[in-house]
Number of protein chains: 2
Amino acid sequence: MAEKWLIGVDLGGTTTKLAFLNFYGEIIHKWEIPTDNSNYGKNITINIAKAIDLKLEELDHSKENVAGIGMGAPGPVDLASGVVYNTVNLGWKDNYPLKDLLEVETSLPVIIDNDANCAALGEMWKGAGDGAKDLVCVTLGTGVGGGVIANGDIVQGTSGAAGEIGHIAAIPEGGAPCNCGKTGCLETIASATGIVRIALDKMKKGQDEGMLHELHRNYGFLSAKDVFDAARQEDDTAGKVIEEVSFHLGLVLANIANTLNPEKIVLGGGVSKAGSILLDPVKAQFARFAFPRVAVSTSIDIATLGNDAGVIGAAWLIKNK
Amino acid sequence: MAEKWLIGVDLGGTTTKLAFLNFYGEIIHKWEIPTDNSNYGKNITINIAKAIDLKLEELDHSKENVAGIGMGAPGPVDLASGVVYNTVNLGWKDNYPLKDLLEVETSLPVIIDNDANCAALGEMWKGAGDGAKDLVCVTLGTGVGGGVIANGDIVQGTSGAAGEIGHIAAIPEGGAPCNCGKTGCLETIASATGIVRIALDKMKKGQDEGMLHELHRNYGFLSAKDVFDAARQEDDTAGKVIEEVSFHLGLVLANIANTLNPEKIVLGGGVSKAGSILLDPVKAQFARFAFPRVAVSTSIDIATLGNDAGVIGAAWLIKNK
């Protein structure tokens with residue numbers, strides 16, 4: 001009998017990542033297709049079904065030897081029905097029946113969860129989580145996303161909105177406006193966008209010299225990576241930006257840990273690639289604000305799976321069903 | 001066959017509450033004994049065993065028709081081993097093997113959990129939780145305790161320190177000192193002690209008149225209840241105290257809900273008896289700081305079981321084992 005495969009799909013706004021995995025979470029083959037958001041999302045499931053069929057044929061693997069498809073979607077999801085409540089950024093219709101449509105197109109069982117939850121499951125299974133049954137994953141990218149695992153299961157919350165860590169109020173009053181309609185959310189501070197905003201803000205108010213100013217003058221543009229690079233060169237403004245980001249991020253993570261005491265908090269996403277220049281001050285602030293017993297038992301680690309976390313965690317949904 | 005009973009025990013610093021319940025969570029008989037903390041806690045399990053045996057005899061119920069004993073203990077607990085890590089306030093020795101000792105004394109199966117977790121389970125089963133599988137219980141008493149239920153199970157955390165909601169950093173810098181060694185913890189603000197501290201502080205700084213001043217002059221003493229009573233009489237200082245407490249409590253609860261999106265947050269403990277004079281402004285701040293989808297799906301309610309929550313939740317541990 002041929003080995004059974006799992007299919008993991010990570011549905012992104014512009015690109016959809018797909019992978020075939022075995023039951024040990026080893027990736028057998030992975031590839032990407034563009035996400036076709038036109039026609040209110042109606043083309044998405046057809047394209048995914050076609051891509052899977054073509055690839056199975058190419059690799060000469062029978063569909064009968066596929067256990068099912070797990071998929072991460074960019075929005076709050078009802079796990080049981082596989083309905084995506086809303087995808088404001090993608091322009092699909094609300095309450096999109098993603099599971100039902102993909103099952104019809106593929107004739108395979110499908111389980112859908114939120115993409116940040118899938119990333120958390122991936123890191124739990126094969127990444128920095130090392131199998132930890134209590135894990136919080138925070139993705140610091142263009143925005144800030146989160147996935148909470150307690151007792152080995154994703155916490156969905158009563159309306160699928162658990163893990164909205166990016167929208168924790170970090171600056172209760174006087175913070176920057178957030179896409180969600182509130183102000184001062186963690187996302188306005190600890191995302192790549194937030195870091196650049198704080199840097200530009202500090203540059204306006206501060207002295208007109210230093211590496212950050214030079215980069216900005218030369219390229220008319222600044223990235224979060226520029227800020228970390230400048231901080232490594234001991235640029236004063238960049239150092240202050242990291243101080244501010246670390247204070248808020250460390251405080252928020254400590255307060256999450258005071259509530260959940262997870263074994264690990266795993267930081268993923270592009271910003272986490274900054275490494276110790278960000279991680280060290282975040283850990284220092286965390287230690288300051290965490291309950292003493294929590295401070296010594298909850299660790300903060302950098303994600304290890306990179307872009308594969310989503311497809312691996314999505315495949316876990318099928319393995320674990 | 002006689003009906004099987006559950007035994008729920010709520011071990012407090014001065015009083016131990018006991019109850020016999022049926023499998024529907026109905027209390028058949030409840031009573032209290034003093035907690036004997038002398039001899040580093042060694043007398044506790046003997047006294048509980050004696051009290052149970054005497055009462056079973058009195059009610060003519062055979063021990064064979066008891067399913068087991070669930071117990072809430074005042075400290076972080078390892079659920080599997082039933083070891084209480086530490087009980088700083090009670091003077092027992094660290095890593096106290098409460099489950100093993102009580103099983104030896106009673107010849108009944110015993111499950112131990114933290115007391116705040118038991119209160120949360122009680123409210124989930126029979127109280128304000130109405131069976132909600134995702135529930136956060138916050139006890140506002142002399143201190144502030146918490147219990148987190150996700151997917152129907154208590155979240156213990158990696159070292160039993162989940163639910164330390166009282167030690168969430170509410171005022172990161174410049175807050176009042178807390179028993180835990182940090183400053184600005186929620187407990188320094190939203191506990192009965194914290195509310196009185198804030199009131200006395202505002203009285204010192206403010207004008208020397210009003211109902212709170214009068215009460216304080218007459219009795220040389222002020223309670224959290226006095227502050228709520230005065231606020232109901234539209235005392236200015238008391239109003240400002242509630243404003244401050246509600247701001248921080250509402251913010252912390254919103255940030256917990258942004259992480260967990262529970263169906264309900266249940267407020268228990270003596271302070272919660274203040275009712276709408278506290279609940280309404282807390283709800284207003286919660287709505288302000290919660291992620292929009294969370295704000296409309298997570299509700300805040302007052303606990304309904306009072307002092308029985310602990311024994312009912314402890315009994316649940318046995319029913320649900």
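Observations, loosely collected:
- Sum of -39500 (n - 2.57) over DSSP H runs of 4+, divided by residues of the protein assembly as shown (222 nm, nearest 500): -12500 deg cm²/dmol
- Separation of the alpha carbons by more than 25 angstrom is noted, of A:202/A:283; A:30/A:283; A:273/B:264; A:63/A:319, for A:30/A:283; A:273/B:264.
- With the simple spin-label model, which puts each label point 7 Å out from Cα in the Cβ direction, the residue A:130 to residue B:204 separation comes to 4.7 nm.
- Panel note: contact residues of the range A:278-302 (accessible area lowered by at least 40 Å² against the chain on its own; 1.4 Å probe) correspond to A:288, A:289, A:291, A:293.
- The orientation-averaged projected area of the convex hull spanned by the Cα atoms of the range B:129-302 comes to 10.3 nm².
- For residue A:279, the shell of other residues with beta-carbons less than 12 Å away shows a net charge of 0, using +1 for Lys and Arg and -1 for Asp and Glu.
- In the A-B interface, the accessible area buried, summed over both sides, Å² (probe 1.4 Å): 3500
- For the protein assembly as shown, a simple Cβ point-charge model (Lys and Arg +1, Asp and Glu -1, everything else neutral) yields a dipole of about 280 debye relative to the Cα centre.
- Residue pairs, from the table B:182/B:240; A:126/A:182; A:225/A:321, whose Cα atoms sit over 31 Å apart: A:126/A:182; A:225/A:321
- Over chain B, relative contact order from alpha-carbon pairs under 8 Å, at least 6 apart, %: 21
- Chain B: most fluctuating residue of B:301, B:60, B:226 per GNM, C-alpha cutoff 10 Å: B:60
- Chain B: projected area of the alpha-carbon convex hull, averaged over directions, in nm²: 17.3
- Gaussian network model of chain A, springs between alpha carbon atoms under 10 Å - residue of A:303, A:254, A:150 with greatest fluctuation: A:150
- Sorted from shortest to longest, the distances between the residue B:302 label points of this copy and the other copies are 5.1 nm, with each point 7 Å from Cα along the line through the beta carbon.
- Centroid-to-centroid, using Cα positions, the range A:1-60 and the range B:66-133 are 47 Å apart.
- Euclidean distance of C-alpha centroids, the range B:280-298 and the range B:181-238, integer Å: 26
- Chain B's nearest residue to the axis relating it to A, judged by Cβ and reported with the distance in whole Å, is B:150, 2.
- Using a cutoff of 8 angstrom between alpha carbon atoms and counting only pairs six or more residues apart, the relative contact order for the range B:202-321 works out to 25 percent.
- Comparing mean-square fluctuations of B:104, B:136, B:83 from a GNM of chain B with C-alpha springs under 10 Å, the top value falls on B:104.
- Dipole in debye (nearest 20) - chain A, about Cα centre, beta carbon charges: Lys, Arg +1; Asp, Glu -1: 400
- Sorted from nearest, the other copies put their residue B:22 label points 5.6 nm away, the label point being 7 Å from Cα in the direction of Cβ.
- Solvent-accessible heavy-atom area per residue, rounded to whole Å², over the range A:262-321 at 1.4 Å: 38
- Take residue B:60, move 7 Å from Cα toward the beta carbon, and the resulting point lies 8.1 nm from the same point in each other copy, nearest first.
- The apolar share of the surface of the range A:129-302, taken as the fraction of accessible area on carbon and sulfur atoms (1.4 Å probe, ligands and nucleic acids excluded), comes to 49 percent.
The values are calculated or read from the model by the stated rules, or taken from the named source; none is laboratory data. None of these values were measured; they are calculated from a predicted model. All Cβ positions, glycine included, derive from the backbone under ideal geometry; neighbour counts span all protein chains shown. Protein only, heavy atoms only, side chains kept; ligands, DNA and RNA dropped before computing areas. Shrake-Rupley method; radii C 1.70, N 1.55, O 1.52, S 1.80 Å.
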